[in-house]
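Written out below as structure tokens is the structure these notes cover.
The values are calculated or read from the model by the stated rules, or taken from the named source; none is laboratory data. Not measured: the values here are computed from a predicted model. So basically every Cβ, Gly included, is an ideal-geometry build from the backbone, and we count neighbours across all protein chains shown. These area figures cover heavy atoms from the full protein model, side chains too; ligands, DNA and RNA do not enter into them. Shrake-Rupley method; radii C 1.70, N 1.55, O 1.52, S 1.80 Å.
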Amino acid sequence: LLLDYLVDADEDFDHVVSMYFYNLDEGMVANSSGLVLGPDVDLTHRPWYTGALEGDGIAYTPAYINFTEDRIIITLSYEVHDGETLLGVLAGDVDIRNLSEHFSTLQVGESGFAFIIDANDRLIAAPQVKPDKIEILPADEHGYAFTRTLLEPLNHNIEIDGHNGVLAFGELVNGDYFLGVFMPNAEYYQRAQLLRGAFIAVGIVLVGMSLLIAYFNTKFIRQPVTSLIGDLGKIEATEDSVYRVPEEEKLGFSEIRRSINKVLDMLHMYFEENKQSRHALMVENQRVLRLMESTADVLFEIDRSRRFVSVFGKGLAKLGMKPQDFVGKTIVEVYGKAGESRHAMYKEALAGKVRGYEWEYTSSEGVLYFSSVISPIYDEDDDVIGAVGVMRDITDQKLKQLEIEHISTHDHLTGLYNRRYFSDHLSHSDDADFYPLGIMMIDLNGLKVFNDAFGHHTGDRVLIEVSRTIRRVVSREGIVARIGGDEFAVVSRKTTPGKMETLKTRIYEDIESMNIENIDLSVSIGYAVKRMKRERIHEVIKEAENYMYKQKIIGGKSARSKAISTILKTLTEKYAVERVHSERVSEICHRIGKAMGYAQDALDELRLAGVFHDIGKISIPDNILDKPAKLTEEEMTVMRSHTESGYNILRSADEYSSLAEDALCHHEFYDGNGYPNGLKGEEIPLNSRIIAVADAYEAMTSDRNYRKALSITAAIEELEKYKGTQFDPNIVEVFLEKVQPDLPE
């Protein structure tokens, strides 16, 4: 309705270009020219708008060229209020081209003329200003040798464009424009009346426009807008609101009122639907929230560009990351090259496929393992618009699986592959693609000596060190497996006999340079190479084993004998008492054997048995051997085990195996109450019965940590006392009658 009135008013006045009403909140409410402004256009900084707000009454802008550059216009504007509330600004554009046409032909007297200048001394209308020229120039460029600020209402002898005359000068519209009438001096007085009429005509036009604007503002804008704003203020935007604005025609803006009521009806309907949806969504959100709070999983969503839209879940803490570390980024941007494989999975999910995959992440706490499943998300048109995934920490399960796999294929002590893996690998390697195929068998010499002499922990240490050496030497040349207690095997694909020989030599040299418990380590090695398919793999293995056994025959015995000698040397060097004890016992045994008529070979063996009878003490802990007091029963049990240790040590080498029984039984009692097996009488080897007498006499007549030596007399009395119970009586008699008298004191 407002627009209709503005259009009618525009048409009634030819010099009015357009009339419009602008509201700060709603923008251009009505425009008689039909001009539609874009949503981003802000007119509140234009001179006509700010002038209306700053002035008191109608504001006039300086003349300006419109944006189409086809008119010179002046805008009149007036602020519209409802009480203290600003409703907007009513404005009208006046085309001053007609005014310029009028002034270009207007003649004051015979040679006089009128003109208008603005507050900036620009000539707006004058005979010199051509109506068809769309330009605004300063007055001095048209020959006006004065400025507005120097003029009086009536000025004589003013020169304009080379002519002298009288200039009448006055303000228009609050000082925004100034009207001047110039007349030659001769005509001035007779034309004064005409000048006065021109002033009146211009004033009437301006006053009429002002009254017209005020009328339209009151009747068609202020009252309807005030009423509409009042009705809008009664609206409560709640789901229970039933109020609707009145729609009577007399109130104005009836179409707007009907549209507002339609919006209110739809809003009420949406409120009802939203209320139901909100309740269902609230319940569902709580379910999802509780689910997420009870799981360590991570849920994530990606868009079509494979960038994360959302990421949440307690599992993020395990990665040391937060949702903001993901959102807006691709998996490659988050994890670098490690994320490329998952990036490919995301691509497949966006192609409509469900994909599951596992991946690893290295954190400050070590390697973590995760399992993920990603599925496509579809819109109502069944088009893929993204994907959603679930990430689950499977580190515990994975580690258990890897541990089981490792245990099933590796030796628990050395970490090398086990016999099962060796067999599987050898079976897979028995293929023409891997020929020539080298098989090497390695046997550790003297492991039993280490176990018996120093305990299995030392034997394990030997195995570990030897394993490390073999693995280091073989390196990339093949795989190494422990296939038995002291046996190792190497499988080398696409090798040559020359390479196998080089490996063998390097293993020999590196292991023979090793020393544990003063004993040099050694191994026996054999290898064979399969060149053709027709060769049976088990025959190749047998060939390698035979080669190894030959080496063992050559070097194994001497290695064990050397080890036993080293053990005795270690024991006697570490404990001086044991060295003296073994030497004296050996000497006494030799004398007893000689007195009993032993042949020379038997005497030599008896002497050696006396030397090695206590070799098993190498396995006894130092705190027991060195104890300065009497041993406890528990400690005595440990001490008594030295006979069995000595037996095992000596039996491992053929050179000393005949001495094993003598060492084992030298603490058996003649009456059967000795150890370790409770033998009695003639069941006890003769050499052991001789060692028992020699050992007891030497021990009684020597100082010990826990007592001083007995006198020879006291020692003899002890032998006499226990002959027939602890000692063989015949040997005691031989010793006391034929040996002891000749022993040095």
Practice item. Any aspartates and glutamates with Cα under 14 Å of the K347 Cα? List them, leaving off those in the same chain fewer than 8 positions away. Key: E301, D303
Review point. How many Å³ per residue does the convex hull of the Cα positions in region 14-173 occupy?
Key: 137 Å³
Revision key, fill the gap. On the formula 1/(1 + (r/R0)^6), with r taken between the Cβ atoms of S371 and K322 and R0 of 22 Å, the FRET efficiency rounded to 0.05 is 0.50
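Let me check I have the definition right: for region 667-745, take the eigenvalues of the Cα gyration tensor, multiply each by 5, take square roots. What are those semi-axes in whole Å, largest first? Walk me through the intermediate numbers first.
Numbers: eigenvalues 92, 45, 20 Å².
They are 21, 15, 10 Å, listed largest first.
Taking a probe of 1.4 Å, how large is the accessible area per residue of region 414-515, in Å²?
It amounts to 44 Å² per residue over region 414-515.
When ligands, DNA and RNA are left out and all protein chains stay put, how many square angstrom of accessible area per residue does region 646-745 have with a 1.4 Å probe? Mind dumping the intermediate values first?
Numbers: 4710 Å² over 100 residues.
In whole numbers, region 646-745 has 47 Å² accessible per residue.
Checking the a/c ratio against 1.5 first, then a/b against b/c, what shape does the Cα gyration tensor give for region 690-735? Kindly include the intermediate steps, with their values, before the conclusion.
On the way: a/c = 2.28, a/b = 1.87, b/c = 1.22.
Cα axes put region 690-735 in the prolate bin.
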Study note, to complete from the structure: Taking a ≥ b ≥ c as the square roots of the eigenvalues of the Cα gyration tensor, with a/c under 1.5 meaning rounded and otherwise prolate when a/b exceeds b/c and oblate if not, region 282-434 is prolate
Review point. In what sequence, largest accessible area first, do L299, L6, L172 appear using a 1.4 Å probe?
Key: L299, L172, L6
Review point. How about K314: which lysines have a C-alpha closer than 21 Å to its C-alpha, ignoring those fewer than 8 places off in the same chain?
Key: K322, K329, K398
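Based on the alpha-carbon set only, what is the convex hull volume of region 591-745 divided per residue, in Å³?
Values: hull volume 17.9 nm³, N = 155.
Dividing the Cα hull volume of region 591-745 by its residues yields 116 Å³.
Tell me, in nm to one decimal, what length is gained between H428 and M28 on full extension, where the rule is 0.36 nm per residue of separation less the Cα-Cα distance? Numbers along the way, then the final one.
Values: separation 400, 0.36 × 400 = 144.00 nm, distance 8.65 nm.
Once the chain is fully extended between H428 and M28, it gains 135.4 nm.
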Study note, to complete from the structure: Here FRET efficiency (C-beta to C-beta, R536 to N515, R₀ 60 Å, nearest 0.05) is 0.90
Point to revise | Alpha-carbon centroid distance for the pair region 427-498 / region 119-133, whole angstrom | key: 112 Å
Practice item. With a 1.4 Å probe and all protein chains in place, put K533, K398 in order of accessible area, largest first. Key: K533, K398
Practice item. Excluding W48 itself, calculate the net charge of residues whose Cβ lies under 13 Å from the Cβ of W48, where each Lys or Arg counts +1 and each Asp or Glu counts -1. Key: -3
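Within a Cβ distance under 11 Å of P628, other residues only, what is the Lys/Arg minus Asp/Glu net charge? Don't skip to the answer; put the middle values down first.
Working: positive: K627, K630, R704, R707; negative: D626.
Combined, the nearby Lys, Arg, Asp and Glu give +3.
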Study note, to complete from the structure: Rounded to the nearest 10 Å², the 1.4 Å probe accessible area of H45 is 150 Å²
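Among the listed pairs K680/K708; K504/K552; K448/K569, which have their C-alpha atoms separated by more than 23 angstrom in this model?
From the list (K680/K708; K504/K552; K448/K569), the Cα-Cα distance tops 23 Å for K680/K708.
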**Study point:** Rounded percent of accessible protein surface that carbon and sulfur make up, region 588-707, 1.4 Å probe
**Key:** 49 percent
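Per residue, how large is the accessible surface of region 311-401? Use a 1.4 angstrom probe and give square angstrom. Show your work: numbers first, answer last.
Values: 5250 Å² over 91 residues.
Per-residue value: 58 Å².
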